[in-house]
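Single-structure report; data block below.
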Amino acid sequence: MRNTKIDVPVLLGVQERQPQRKEFADEIVNMKVDSLTGGWDSRIGYEKFIVKKDTFVPWVTDNRIDSIYYWIRRGGALDQVLYQTGTTLKVVQDWNGDTVSGITLANTPKASLTNNAMQFCEFGKWLIITYGDGQPLKYSGWPIAAASLATNLPIYSVGFKVKPRPPRPRKPAVDIDDTFPVNGAENSLFLVNNNARGQGLGKIGADDENEYRYKVSFVSNTGSEGPLSDVSQPVQWTNVASGTTYKFCIAVDIPIGPSDVVARRIYRTTNGGTAYFLMDEVKNNVDETYHDLRTVLDAQATEPLSSDSVPFPATGARYCAVYQSCLFLDGGPSEDTALYYSHPLKPDQFGATDYLELGMRKGGGITGLVNYFNFLIVLRSSSIDIISGSYPNFNCQTILQGIGSTAIDSAATIPEMGIVFATFDGVYLLSGNMEYIDKPELIKLSEPINKTWRRVNKDHLSRAAGCYS
């Protein structure tokens with residue numbers, strides 16, 4: 001073969017322009033890019049998820065996989081795979097010896113072929129999960145004991161569904177000399193006046209009147225504080241005519257919250273006052289009675305505004321994203337132009353005014369949220385918007401009008417370039433840093449495959465998926 005030259009053409013990819021250059025193709029099937037040569041390689045196939053197993057566990061007993069998420073944690077030490085199949089959300093359990101199976105985390109509606117799949121976004125140690133029919137979920141991943149795989153799973157609802165019921169202070173007995181409580185009194189708890197700790201409620205003068213009121217709030221395992229309860233009935237009493245040498249301890253019945261509540265904060269007025277101050281935090285979700293004997297309240301620890309935290313507003317959220325340490329959720333099918341955001345670092349706490357209403361501008365309903373760089377991309381049915389700013393002053397601007405997308409799962413980040421996603425019109429690349437420019441750059445990448453893109457079933461674009469390798 002001396003003096004023989006072999007010309008091996010470099011195949012670049014798919015291009016439908018005519019006339020077509022020889023290094024392009026009309027169609028590429030069952031090929032991958034070889035990591036060593038950069039060329040196309042036909043050595044591709046299916047690989048078992050658990051390589052030491054003989055079968056494709058845990059998928060062998062499941063039906064169609066509607067969505068899947070690989071959650072990378074602690075450098076690979078706590079990686080987990082979550083997936084939806086049929087009406088169940090499962091996590092792959094591969095740490096229980098030789099047993100590999102899918103543990104059911106929650107029951108969910110069956111996914112539709114023309115709707116978006118279940119969405120996942122990471123928020124600190126939590127994985128937020130939305131599916132469009134019910135309150136979103138938050139999953140911490142661990143601990144899951146191998147001996148009790150189906151119990152005490154660390155999955156909870158996002159937000160506070162309702163505000164707690166009001167606390168109920170018990171009416172105190174007023175005369176220490178009474179053998180039993182009389183006149184409807186429910187407890188006889190007294191403290192010596194001027195005791196060493198300076199504790200006790202009420203005045204000590206003869207015939208003095210006393211009145212206190214209470215509120216309570218839940219604190220979740222994300223550090224979020226829920227909405228305040230309504231005001232309790234007042235606890236009132238009048239000292240005995242001869243005066244007292246003692247003060248009172250008031251027993252207050254407090255509500256127990258859902259499984260993700262880790263503490264309850266109790267607010268109280270001063271004697272006869274109308275303003276509420278933080279009195280104490282009960283650091284559990286077990287005790288049903290609190291004994292109030294605190295004389296002095298911190299004047300700086302006033303109750304939060306009623307607008308600081310409200311019952312969860314996005315019960316039908318389909319899309320989720322994290323931006324500026326806030327959890328963003330759409331309003332669901334019934335409020336598809338509303339975009340809600342939580343307090344920073346508190347994914348369960350939503351304020352009464354913490355939302356953006358996008359219906360004031362053209363663009364239609366929200367069809368996806370994508371966090372990229374220092375702004376949040378909002379896909380809509382006939383526009384592409386971006387959210388910028390910081391809490392609570394977020395703002396929205398339209399960057400692509402008249403072209404929308406339902407293909408939230410097609411979004412893929414390309415390092416040093418930007419984010420790629422599919423729209424009804426084609427595939428676009430969004431790049432640019434909003435900190436230094438007024439408007440990011442938007443480039444259409446799908447010009448070489450326009451003929452193929454015209455044949456795409458737009459009704460099923462919501463199930464399109466994309467990734468970058």
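The values are calculated or read from the model by the stated rules, or taken from the named source; none is laboratory data. The model shown is predicted, which means the values in this text are computed figures rather than measured ones. Please note: Cβ atoms are built from the backbone with ideal geometry, for glycine as well, and neighbour counts cover all protein chains shown. Protein only, heavy atoms only, side chains kept; ligands, DNA and RNA dropped before computing areas. Shrake-Rupley method; radii C 1.70, N 1.55, O 1.52, S 1.80 Å.
I'd like to verify a number: residues in the stretch 320-373 that are under 17 Å from the mean Cα position of the chain (by Cα), of a type outside the set (A, V, I, L, M, F, W, C) and closer than 17 Å to G389 by Cβ, how many?
Number of matching residues: 12.
Quick check on the stretch 170-214: of everything there that is within 45 Å of the chain's Cα centre (by Cα) and assigned to a strand (DSSP E or B), which residue is farthest from T270 (Cα to Cα)?
Filtering first and then ranking leaves N187.
Return the pairs, sorted by first residue and then second, in which the second residue is open to solvent by 30 Å² or more (accessible area, probe 1.4 Å) and in a loop (DSSP other than H, G, I, E, B), the first residue lies in the stretch 229-247 and is under 16 Å from R165 (Cβ atoms), the beta carbons are less than 7 Å apart, and the residues are 6+ apart or on different chains.
Between residues of the stretch 229-247 that are under 16 Å from R165 (Cβ atoms) and residues that are open to solvent by 30 Å² or more (accessible area, probe 1.4 Å) and in a loop (DSSP other than H, G, I, E, B), the close pairs are S229/K163; S229/R165; S229/P166; D230/P166; V231/P166; V231/R213; S232/P166; S232/R213.
Going residue by residue through the stretch 297-311, is there one that turns out to be in a strand (DSSP E or B) and within 30 Å of I266 (Cβ to Cβ)?
If we filter the stretch 297-311 for residues that are in a strand (DSSP E or B), which is where we start, we get 302.
Still in the list and also within 30 Å of I266 (Cβ to Cβ): 302.
Yes: the stretch 297-311 contains one or more residues that are in a strand (DSSP E or B) and within 30 Å of I266 (Cβ to Cβ).
Could you list, in sequence order, the residues of the stretch 102-143 that are more than 17 Å from D336 (Cβ to Cβ), small (G, A, S) and open to solvent by less than 30 Å² (accessible area, probe 1.4 Å)?
G102, A106, A111, A117, S140, G141
Take the conditions modelled with pLDDT of 75 or more and on the phi < 0 side of the Ramachandran plot and apply them to Y70. Does it pass?
Here the answer is yes, as Y70 does meet what is asked.
Confirm whether F180 is free of Cβ contacts under 8 Å to residues at least 60 places away in the same chain and in contact with a strand residue (DSSP E or B) (Cβ under 6 Å, 6 or more places away or on another chain). Quick ask: steps written out before the conclusion?
Working: free of Cβ contacts under 8 Å to residues at least 60 places away in the same chain: yes; in contact with a strand residue (DSSP E or B) (Cβ under 6 Å, 6 or more places away or on another chain): no.
Criteria not met by F180.
Considering only residues that are part of a loop (DSSP other than H, G, I, E, B), open to solvent by less than 60 Å² (accessible area, probe 1.4 Å), in contact (Cβ under 8 Å) with a residue 24 or more places away in the chain and not small (G, A, S), which ones fall in the stretch 271-292?
Applying the first criterion (part of a loop (DSSP other than H, G, I, E, B)) to the stretch 271-292 yields 271-276, 283-288.
Remaining after also requiring open to solvent by less than 60 Å² (accessible area, probe 1.4 Å): 271-273, 275-276, 284-285.
Going one step further and asking which of them are in contact (Cβ under 8 Å) with a residue 24 or more places away in the chain, we end up with 271-272, 275-276, 285.
Of everything in the stretch 271-292, those that are part of a loop (DSSP other than H, G, I, E, B), open to solvent by less than 60 Å² (accessible area, probe 1.4 Å), in contact (Cβ under 8 Å) with a residue 24 or more places away in the chain and not small (G, A, S) turn out to be N271, Y276, N285.
Could you tell me how many of the residues in the stretch 227-270 are within 30 Å of V182 (Cβ to Cβ), open to solvent by 10 Å² or more (accessible area, probe 1.4 Å), among the hydrophobic types (A, V, I, L, M, F, W, C) and under 31 Å from the mean Cα position of the chain (by Cα)?
Residues meeting the conditions: 1.
Quick check on the stretch 25-73: of everything there that is without any contact (Cβ under 8 Å) to a residue 60 or more places away in the chain and of a type in the set (F, W, Y), which residue is most open to solvent (accessible area, probe 1.4 Å)?
Y46
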